[in-house]
Structure formats: C-alpha cells, structure tokens
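So the structure is just underneath, and the comments pick up after that.
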Amino acid sequence: MLNPKTRAPDFSLPNQNDQTITLSEVLDRGPLILYFYPADFTPGCTKEACSIRDLHDEISKVGLQVIGVSPQSSESHRRFRDKHSLQFDLLSDSDKKVIKAYNVDGPLGFGVRRATFLIGADGMIDSAVLADLRIAEHDAFIRRALQLRAQR
C-alpha cells in the first residue's frame, strides 16, 4: 500500500456509465476519498459502500469527494450503484493497473485488498488505511477525515 506523504498515481478509468474519469480532473474539484474494494455485491463490500453512502452528505459538506475502484465491469458497477442508491462513481479497473499502482493487489495477484486513501487536492496522499476484513476501520477512517476537515 502506498504511504502517506507520497504522490497518488494519476489514472484514467471508466465509471459505471463508461465515462472516463481521471484522478487529476477529480482533484481539480478538491480532495478525494479513494477506496479500493474486492467486488460488487459481496456482503463486506456492500456494507462498506452503504456506509459511505450514508455519510455522503457529511462528506460533501466538508468538501470531500468519493470514488470506489474494483476490477468488475462498468455494467456490474452500474447495477451495484443503482441497487444501493450510491451517489458516487465506481471505477472499473479490469486489468488491475491502478490497483497495482496503489499496491493494493491481493496476495499472489489474487483479488484486491480493501484500502482507503485520503488524497489532497495537491495529489499527495494525506492518510490511508488498509484493513481487509475490518470494514469498521474504513468507516472510522472516513469519520476521522470528516472531523479533521470540519475543524479547518
């Protein structure tokens, strides 16, 4: 996993609507919570996505954006996003280039590690958490980020 105080690798990936999303363009609008997850429709990933969905108004109020990344297709992301009323983009990294660039590829190249990054508008990673099965740690990480942003 990439460490805080390093530059976040730029990328271009299709979202759930097959529109290309570029990290640099997203950061032009402000800081970002970028999270990587193993798969759409799995219990843990659904719980994580819905937790972020439920915090989305608070996330937006403090000027943060959210994007999720996993290897599933744009079509899978569209169905997952629609089913759970997610307000943020889900990006398809089918060849896992971005997953590998952020060093969150699973053991021996299988799967994806569950990781969340807070990336500043300057493109630097402010903080990060890797907690594969401990989804509550990702929720706590985002809540801490909200508190810190609200204090600014």
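Collect the residues in the stretch 127-139 that are assigned to a strand (DSSP E or B), open to solvent by less than 50 Å² (accessible area, probe 1.4 Å) and either among the aliphatic types (A, V, I, L, M) or at pLDDT below 90 (or both), keeping them in residue-number order.
Those that are assigned to a strand (DSSP E or B), open to solvent by less than 50 Å² (accessible area, probe 1.4 Å) and either among the aliphatic types (A, V, I, L, M) or at pLDDT below 90 (or both): Ala128, Val129.
What residue, of Ala49, Ala39, is in contact with a Cys (Cβ under 8 Å, 6 or more places away or on another chain) and open to solvent by less than 70 Å² (accessible area, probe 1.4 Å)?
Ala39
Could you count how many residues in the stretch 84-95 are in a loop (DSSP other than H, G, I, E, B) and buried (at least 19 other Cβ atoms within 10 Å of the Cβ)?
Total satisfying the criteria: 3.
Inspect all residues belonging to the stretch 4-18 and state whether any of them is of a type in the set (S, T, N, Q) and open to solvent by less than 20 Å² (accessible area, probe 1.4 Å).
Yes, the stretch 4-18 contains a residue that is of a type in the set (S, T, N, Q) and open to solvent by less than 20 Å² (accessible area, probe 1.4 Å).
For the stretch 97-126, which positions are more than 10 Å from Phe36 (Cα to Cα), out of contact with any helix residue (DSSP H, G or I) (no Cβ under 7 Å at 6 or more places or on another chain) and open to solvent by 30 Å² or more (accessible area, probe 1.4 Å)?
Hits for the stretch 97-126 are Lys97, Lys100, Ala101, Asn103, Pro107, Leu108, Gly109, Phe110, Gly111, Asp122, Met124, Asp126.
Can you tell me which residues in the stretch 57-83 are of a type outside the set (D, E, K, R), open to solvent by 30 Å² or more (accessible area, probe 1.4 Å) and closer than 19 Å to Arg114 by Cβ?
Hits for the stretch 57-83 are Pro71, Gln72.
The values are calculated or read from the model by the stated rules, or taken from the named source; none is laboratory data. Nothing here was measured: the structure is a model prediction, and the numbers come from that model. Reconstructed Cβ throughout: ideal geometry from the backbone, glycine too, with neighbour counts over all protein chains shown. Ligands, DNA and RNA are excluded from the accessible area calculation, which covers all protein heavy atoms including side chains. Shrake-Rupley method; radii C 1.70, N 1.55, O 1.52, S 1.80 Å.
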